[in-house]
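See structure below.
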Amino acid sequence: MTKIGLEIHCQLTKLESKLFCSCKANYREFEPNHNICPVCMGLPGSLPRLNQKAVESATSIALALTCDTPDKIAFFRKNYFYPDLPKNFQITQLNVYGDMSVGGEGYVNIEDKKIKIRRIQLEEDPGRIIYEGASERTKITLVDYNRAGTPLVEIVTDPDFESPRQVRVFLNILSDLLENLGVAEPGLEGAMRADGNVSIEGGNKVEIKNIGSFHDLEKALHFEITRQQSLSERDIEIAQETRHWDDRRKITVSSRSKEEDQDYRYFLENDIPWVKIDHNTRDRLKENMPESISSKKERYIEKFNIAPQVADIIASDKYYSKLFESAYSDHNAKDIANLITTDVIGFIDTKEKQENSKITSKHLSDLVDAINSKTITRNSAKVALQEIMKSGKDTKEVLQDMDLGQVSDSSEIDTIISQIFEEEKQAVIDAKERPETVNFLVGKVMQKTKGKADPVKTLELIKLKLNQ
Ligand SMILES: [Zn+2]
């Protein structure tokens with residue numbers, strides 16, 4: 001049996017400053033090594049000051065993942081040497097002598113499976129190492145400390161996953177949840193990274209480190225499972241080790257033997273006092289938490305009778321759910337939802353496009369009304385949507401300017417059908433013999449009318465003409 005566990009690192013990108021100093025949490029806009037100070041560089045004599053908001057954000061995550069949260073937390077030093085770690089230790093949390101990180105013992109439901117969250121801890125991100133060219137061959141390694149000290153939450157699961165696919169489903173749910181909480185932007189480059197550990201048939205555990213994209217993680221897990229299976233079939237013992245994912249060659253490569261906890265010489269960070277998180281703080285955080293994606297989804301299904309898959313897509317995305325929530329009136333909620341999931345999503349499928357789009361909820365309800373009153377066809381609505389997204393013009397104006405009014409006049413459609421019957425003689429014969437091919441002729445009429453002909457009436461009239 002395959003067992004996979006995850007360690008996910010998520011930056012708290014919505015915070016102003018780093019975890020222990022006042023440098024910016026958003027290091028992405030700076031020239032290399034221009035977002036640093038004595039504290040995040042670990043210079044002698046400097047003292048860390050804890051960002052209280054980071055503790056609150058991390059606690060919110062713990063609460064949202066149904067974790068137990070302690071009354072007080074402590075920080076530890078994790079000692080190791082690596083060029084991206086200027087202090088030679090990372091300030092992190094450790095669960096010893098009772099529960100002392102921001103949360104533990106939570107869970108996330110995926111499909112019909114419960115994935116246990118072992119612990120959540122608040123820690124600082126190290127800096128970044130940049131290799132010029134391919135990492136194996138380059139002679140030049142650069143270090144940028146702008147990221148050092150950025151607030152990071154580590155979420156550790158039990159090895160509850162049985163397949164890479166379950167991992168992907170979980171990560172999608174988790175990143176939607178973090179985004180919905182308003183504490184993180186998982187879509188930002190490097191803002192969410194994951195390590196996976198894999199074992200098969202109760203054998204040794206192999207850890208795959210620091211993979212930046214979910215897609216790569218899935219590929220790496222697949223590769224690792226196949227590699228372990230092939231070793232096991234040949235009776236070769238699987239070594240307990242850390243491997244990294246070589247994106248160029250699409251394989252995992254051994255990088256070092258796995259460290260044990262004692263190798264890190266953890267000890268209490270005495271420069272930061274214990275932090276109390278009292279009941280009032282937790283109650284306040286709970287009260288201020290936005291509606292969860294799952295309860296939003298339930299509400300959409302129950303109140304508007306929207307299909308579960310459609311409700312899921314809209315509830316999981318802040319942009320779509322905001323559009324939907326302000327567009328619906330009870331009579332057309334279902335149509336609005338369908339317009340969003342069939343057409344809007346096709347055009348606005350990235351965060352960048354969402355930010356640039358000029359479409360408003362009013363546009364959506366106007367378009368749905370126009371479709372329902374047969375003023376325009378669905379096809380024309382699609383054309384209009386594209387224009388509205390660019391210009392933000394009023395729906396009526398766009399429909400008029402682009403001459404998108406629906407053609408429902410029977411004689412007008414009939415004239416076009418006669419032309420098509422002349423041009424597509426073979427298709428007419430086919431449609432007489434095999435009625436299921438009639439859509440080809442409908443498509444031709446739509447082409448000729450630029451999608452404006454009433455599709456129901458068109459089909460009716462074509463069928464009539466075929467039987468003549
Ligand atoms: Zn700093």
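The one condition from (1) without any contact (Cβ under 8 Å) to a residue 40 or more places away in the chain; (2) in contact with a helix residue (DSSP H, G or I) (Cβ under 6 Å, 6 or more places away or on another chain); (3) of a type outside the set (A, V, I, L, M, F, W, C) that Gly451 does not meet is (1). Under 6 Å by Cβ, and 6 or more places apart or on different chains, what pairs join a residue from segment 14-28 that is touching a residue at least 12 places away in the same chain (Cβ under 8 Å) with one that is near the ligand (Cβ under 9 Å from one of its atoms) and aliphatic (A, V, I, L, M)? Listed pairs, sorted by first residue: Phe20/Val39; Cys21/Val39.
Note on segment 1-28: residues that are loosely packed, with under 15 Cβ neighbours inside 10 Å and within 15 Å of the ligand (Cβ to nearest atom) total 2.
Quick one: would you say Pro83 is closer than 29 Å to Tyr320 by Cα and either hydrophobic (A, V, I, L, M, F, W, C) or in contact (Cβ under 8 Å) with a residue 12 or more places away in the chain (or both)? No; evaluated as a whole, the condition is false for this residue.
The set of residues from segment 311-347 being aromatic (Phe, Trp, Tyr) and crowded, with 20+ Cβ neighbours inside 10 Å comprises Phe324, Tyr328. Annotation: of all residues in segment 285-300 being surrounded by 14 or more Cβ atoms within 10 Å (Cβ to Cβ) and either over 22 Å from the mean Cα position of the chain (by Cα) or among the aromatic types (Phe, Trp, Tyr) (or both), the one that is farthest from Glu185 (Cα to Cα) is Tyr300.
Residues that are near the ligand (Cβ under 10 Å from one of its atoms) and in contact (Cβ under 8 Å) with a residue 40 or more places away in the chain were ranked within segment 29-41; the one that is surrounded by the fewest Cβ atoms within 10 Å (Cβ to Cβ) is Met41.
Listed conditions (1) surrounded by 20 or more Cβ atoms within 10 Å (Cβ to Cβ); (2) within 26 Å of the chain's Cα centre (by Cα); (3) modelled with pLDDT of 95 or more are all met by Ala64, apart from (3).
When you look at Lys374, is it in a loop (DSSP other than H, G, I, E, B) and surrounded by fewer than 20 Cβ atoms within 10 Å (Cβ to Cβ), yes or no?
For Lys374, the condition - in a loop (DSSP other than H, G, I, E, B) and surrounded by fewer than 20 Cβ atoms within 10 Å (Cβ to Cβ) - is met.
Would you be able to say whether some residue in segment 411-423 is small (Gly, Ala, Ser), part of a helix (DSSP H, G or I), in contact with a Phe, Trp or Tyr (Cβ under 8 Å, 6 or more places away or on another chain) and closer than 30 Å to Lys465 by Cα? Within segment 411-423, none of the residues are small (Gly, Ala, Ser), part of a helix (DSSP H, G or I), in contact with a Phe, Trp or Tyr (Cβ under 8 Å, 6 or more places away or on another chain) and closer than 30 Å to Lys465 by Cα.
Looking only at residues of segment 348-357 that are surrounded by fewer than 20 Cβ atoms within 10 Å (Cβ to Cβ) and touching a helix residue (DSSP H, G or I) at 6+ places or on another chain (Cβ under 6 Å), we find that the one that is farthest from Lys318 (Cα to Cα) is Ser357. Ala307 meets the conditions (1) at pLDDT 90 or above; (2) within 32 Å of the chain's Cα centre (by Cα) in every case but one. The failed one is (1).
The values are calculated or read from the model by the stated rules, or taken from the named source; none is laboratory data. Source: prediction; values computed, not measured. Glycine also receives a Cβ, built like all others from the backbone with ideal geometry; neighbour counts cover every protein chain displayed.
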